[in-house]
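J.: Below you'll find the structure I mean.
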Amino acid sequence: MPHTEPSTAGAPIQPLPTSVTGFVGAADAGPVDTPVTVSSAGHYHATFGPGLDADRPLGHAVDLFFANGGSSAVVVRAAGPAPEQLVPVQGPGGLHALDGTGVTVLALPGLTAAHPDQVGVALGWCAAHRAVLLLDLPSGPWGPVHESALQQVGQERERAAAYHPWVVVGGVGVPPSGAVAGVVARTDAERGVWKAPAGVELRGVDGLAETLADPQVDLLVQAEVNPLRDLPGRGRVVWGGRTLAGALAADPFVRYLSVRRLTDHVLGSVTTGLAFVQEEQSEPALWARVRQLTEDFLDQLWRRGGLQGAKAEQAYGVRCGPGETMTEADELTGRVVVRLWFAPVRPAEFAVHTVTLQALAASGEGMPPAEPAPPVASSLVVPAVVEEPAAVRRVDLRRVVSRYVGETEKNLARLLDRAQETGEVLLFDEADALFGRRTEVRDAHDKYANQEVSHLIERMARERGVEVRWERGKRRRRWPRRRW
């Protein structure tokens, strides 16, 4: 898969490909641990052999990908079918052979959520490469085995989407990730990356391994698993487009697969399109150009229907420059800080992100990072970023925590959103956060009811990428009775 070259100075930011699908699995033939781009099912089998057996489902998965609308895939043949061969926890090979290919949608036929160590590595890889994982669940009817497997999925849950049940092809049960990857590619091509790959017909399958009644569908939805259903008059369809973070996320922007992928697309395209900044001197003309190029990119995305809002100001915004996004230290060292926000779900409800680029300093010389960053093999050309110690802000929880869960969530959301924008580290008194449990709930949606404040803080901070620290050994304060 060829790399996408960064934009030249002043050229419009070009959108990166949204659906670059990668497969890793065991096969009969072909090079091992080497990415090969295939353009059809026939091309795949000519390279990797005719195998379509149940123990090595890669061939079936790739066939279903092309049957459901995929046009190109990057395939890596692992050294064997074992989970640790598909996704080594340490060392090269398997999944890691996809580094540098630009993959944005990952399928690992042969690996299920029942292998938490490998799933954790795969999700970490996705976070590093702005990709999502179409996670297969164990075979068989929905039950405690599936629920237990999902509970073991740890961080980066917003980058995983799970589907149930398996599909049947030629009398063989096949994990659904390959077919769903084709649905994602088809939806991107026909409607755009911002459209959920849901309510879409599955092609090339003979049936589903389990027929889901409404109560079973409800159980899957509660577990944030996307059902595959056989509906009269509609055929077999993908029924849902949520990530595994949905049930736990206070932030609506991580609940939906389409929003996660749209966000990756925007940040990847903007970062790559502004790579020319590292060859320019940081000055007002450059800041204005960066702001204009970013606005133009978001405007085109909005006009294509990718952002919500009847007016541009309801859909997106950009800031760049001293007094808005940059400090005096940024100016002196050549850092160019861009803050952009866009509305992926509802008008004027913005996801806010910051992109930090390294230009030439006022002296004409670039300021390299204090420690050289390890090379990242990726199709995204990321300019060097200067890291500096973050400011630490002490938080008095007495001003944040309410007796009602919903009010506490809102107060923490405002605090954490500000920290996300400023890059501050938040310092909490551990004794305050562990003092007790909430006792009053306004409605059934208060999902953090009866949980300690520390749990809520860490969960919401992790969702936003905000660092929090705890002071230990402090004397516990006496909280007003009305708060607890």
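The values are calculated or read from the model by the stated rules, or taken from the named source; none is laboratory data. Predicted model, so just to flag it, every value in this text is computed and none were measured. Heads up, the Cβs are rebuilt from the backbone with ideal geometry, glycines too, and the neighbour counts pull from every protein chain shown.
J.: If the requirement is being crowded, with 18+ Cβ neighbours inside 10 Å and on the phi > 0 side of the Ramachandran plot, which of these qualifies: Gly110, Gly22?
T.: On the way: Gly22 fails: on the phi > 0 side of the Ramachandran plot.
Result: Gly110 is the single residue among Gly110, Gly22 that is crowded, with 18+ Cβ neighbours inside 10 Å and on the phi > 0 side of the Ramachandran plot.
J.: Can I ask one more? Against the conditions (1) in contact with a Phe, Trp or Tyr (Cβ under 8 Å, 6 or more places away or on another chain); (2) on the phi > 0 side of the Ramachandran plot, where does Gly233 fall short? Just the number, please.
T.: (1)
J.: Go over the candidates Leu244, Leu231 one by one and state the one that is among the aliphatic types (A, V, I, L, M), over 30 Å from Gln300 (Cβ atoms) and crowded, with 22+ Cβ neighbours inside 10 Å.
T.: Numbers: Leu231 fails: crowded, with 22+ Cβ neighbours inside 10 Å.
Within the list Leu244, Leu231, the selection yields Leu244.
J.: Now for a separate question. Inspect all residues belonging to segment 75-85 and state whether any of them is closer than 22 Å to Leu202 by Cα and among the aliphatic types (A, V, I, L, M). Don't jump to the end; show me each part of the working.
T.: Within segment 75-85, the first condition is being closer than 22 Å to Leu202 by Cα, and the residues that meet it are 75.
From the residues that got through so far, the ones that are among the aliphatic types (A, V, I, L, M) too are 75.
Yes; the residues of segment 75-85 include at least one that is closer than 22 Å to Leu202 by Cα and among the aliphatic types (A, V, I, L, M).
J.: Please specify each residue of segment 61-98 satisfying the condition of being aliphatic (A, V, I, L, M) and surrounded by fewer than 17 Cβ atoms within 10 Å (Cβ to Cβ). Please lay out each step first, then the result.
T.: Here is the first cut: in segment 61-98, the ones aliphatic (A, V, I, L, M) are 61-62, 64, 67, 73-76, 78-79, 82, 86-87, 89, 95, 97-98.
Hits for segment 61-98 are Ala79, Ala82, Val89.
J.: Only residues in segment 1-21 that are closer than 16 Å to His129 by Cβ count as the first member; pair them with residues that are acidic (Asp, Glu) and modelled with pLDDT of 65 or more, Cβ under 7 angstrom, at least 6 apart or cross-chain, and list the lot.
T.: Note: pairs meeting the criteria are Thr18/Asp188; Ser19/Asp188.
J.: With respect to Val119, determine if the residue is under 22 Å from Asp206 (Cβ atoms) and in a helix (DSSP H, G or I). Outline the logic, then answer.
T.: Values: under 22 Å from Asp206 (Cβ atoms): no; in a helix (DSSP H, G or I): yes.
It is false that Val119 is under 22 Å from Asp206 (Cβ atoms) and in a helix (DSSP H, G or I).
J.: Report yes if some residue within segment 84-107 is part of a helix (DSSP H, G or I), free of Cβ contacts under 8 Å to residues at least 60 places away in the same chain and closer than 17 Å to Val153 by Cα; otherwise report no.
T.: yes
J.: Would you be able to say whether some residue in segment 55-65 is among the hydrophobic types (A, V, I, L, M, F, W, C) and under 25 Å from Arg462 (Cα atoms)? Even if it seems obvious, please write down each step before you answer.
T.: Residues of segment 55-65 that are among the hydrophobic types (A, V, I, L, M, F, W, C), as a first pass: 58, 61-62, 64-65.
If we keep only those that are under 25 Å from Arg462 (Cα atoms) as well, we get none.
Checked segment 55-65: no residue is among the hydrophobic types (A, V, I, L, M, F, W, C) and under 25 Å from Arg462 (Cα atoms).
J.: Still on this model: Tell me which of these Asp206 doesn't satisfy, since it passes every other one: (1) surrounded by fewer than 19 Cβ atoms within 10 Å (Cβ to Cβ); (2) in contact (Cβ under 8 Å) with a residue 40 or more places away in the chain; (3) farther than 30 Å from Val266 by Cβ.
T.: The single condition Asp206 does not satisfy is (2).
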